[in-house]
Amino acid sequence: METVKASYSRTMEEVQESLKLAVINESDLLNVTQILYSAKEHNMQEHIKLLELDENLIEAVNTGDSLTFQGTEEDSVVLCTKDRTYDISEAETSNSYLLVPKLNLSQQTNVDTNRIIKAYNICGIFHTYYEVKECRPKLEKLLNILEPTSFKGIEYESSISHELLYDWHRLKNEIQASEAELIQALNNYLITNIDGYFRLISFEFEVRSLTLMLDLFEENSWEIDEVDKEITYEFLKEFIYKPVFNTLFTKYTEISEKLRKDGTPLYKYNEEKCCKTLAKVLFVASPVTEYKQFMKSWNIGTPEKIEPKEEYLYGIAIIKWNNLMEKEIISFPETDLPIDIDERFNKLFKAKKKWTVQEITPYITNLTTHKMNVNALLTKYARYSIINGIKYYSSKYGN
């Protein structure tokens, strides 16, 4: 029998007597009896917490990946793997969880010997544990902390406070997201690395740069898929850092099938992204505009070979009829909506009663997780109807 810190240890005869009183045949049991003793001097509850793991977390542990708790004192802590984020909350259980080191599991008790007794100390008794629920990365702070040092042009760099800059280590410690999710967010939000620090590119500088890029595009009479990256940079390099240019160029172009004379690739402007940004400029001056007037101004402001389309407004504006039965385009950026799912859907259906899948998708894509895609969100938080063969989504609790 193993040594334990207990004032009393049960004997083999007492074990056999207990089986007899319980009307249990000893032959029906495996041959190892494990007896647990309370060791009050080991108050492990203060040093150990129980954490629930799903399949992805178990896989991360088994493969040697790190699990990190992230958040400042003002945040609710989250748990992150290399590519997932989890909310953590304390839960109570009506049962008692016993912490018993080295306790044998069923297969380990199937031994071909006479009955033996093993004794173990209970190091802790738990009535609570931490449960996890996969969630979206908490990126709300990202733009706020980078805004004070946003890149507005080389001429403004001398006024940037070095103490406010964020390198990767500082950014990763403060933003509650997995490494993969944070890297994706840096790409989505037009954030670039300048001398080891992550800088948000201001909207004003983005528009200024894009306008110059498109001016050069028209001046050279390039086709939409004949954009020369090297010539474009030479045109802009006097007022833009190379990494900033690369970030902007990556956002607004994609590799073309055509090549330069030296065999390097030419690029193609992404019409939707270019038109979206130019539409945002119009919304700054007039958030609500009559439909035909807006489309006319939008067309005038874009190069001849780039055609604005109504669907390019999805995610930044809504199109609806006003009380005078006039068609309007109203600024309605996704970035201004609340993060909470219920609140966001309430805002969406308050702004417009019925949405097509194409219209609403840009507004809820950022709410999706590995387990909840756009269709699942619409099924859970909205209801659909068919009008003239087109599927529309509206409030689940509306009229």
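Numbers at a glance
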item: Number of positions in the range 220-230 that are exposed (fewer than 15 other Cβ atoms within 10 Å of the Cβ) and closer than 16 Å to ILE255 by Cβ; result: 2
item: Which numbered condition MET325 misses (of (1) over 24 Å from the mean Cα position of the chain (by Cα); (2) at negative phi; (3) open to solvent by 40 Å² or more (accessible area, probe 1.4 Å); (4) hydrophobic (A, V, I, L, M, F, W, C)); result: (2)
item: Any hit, the range 368-384, residues being under 20 Å from ILE316 (Cα atoms), of a type in the set (Gly, Ala, Ser) and open to solvent by less than 50 Å² (accessible area, probe 1.4 Å); result: no
item: Residue within the range 282-297 that is farther than 14 Å from ILE330 by Cα, surrounded by fewer than 18 Cβ atoms within 10 Å (Cβ to Cβ) and hydrophobic (A, V, I, L, M, F, W, C) present; result: no
item: Hits in the range 264-281 (condition: under 16 Å from GLU204 (Cβ atoms) and open to solvent by 70 Å² or more (accessible area, probe 1.4 Å)); result: LYS280
item: Criterion violated by PHE239 - all others in (1) at pLDDT below 95; (2) under 30 Å from the mean Cα position of the chain (by Cα) satisfied; result: (2)
item: Among (1) at pLDDT 95 or above; (2) more than 24 Å from the chain's Cα centre (by Cα); (3) part of a loop (DSSP other than H, G, I, E, B), the one test that GLU218 misses; result: (3)
item: Of all residues in the range 177-196 being among the hydroxyl-bearing types (Ser, Thr, Tyr) and under 14 Å from LEU143 (Cα atoms), the one that is modelled with the lowest pLDDT; result: TYR189
item: Some residue of the range 203-219 being of a type in the set (Asp, Glu) and open to solvent by less than 50 Å² (accessible area, probe 1.4 Å); result: yes
item: Leading residue by the ranking (farthest from THR335 (Cα to Cα)) among those in the range 303-318 that are free of Cβ contacts under 8 Å to residues at least 40 places away in the same chain and open to solvent by less than 40 Å² (accessible area, probe 1.4 Å); result: PRO308
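The values are calculated or read from the model by the stated rules, or taken from the named source; none is laboratory data. Source: prediction; values computed, not measured. Glycine also receives a Cβ, built like all others from the backbone with ideal geometry; neighbour counts cover every protein chain displayed. These area figures cover heavy atoms from the full protein model, side chains too; ligands, DNA and RNA do not enter into them. Shrake-Rupley method; radii C 1.70, N 1.55, O 1.52, S 1.80 Å.
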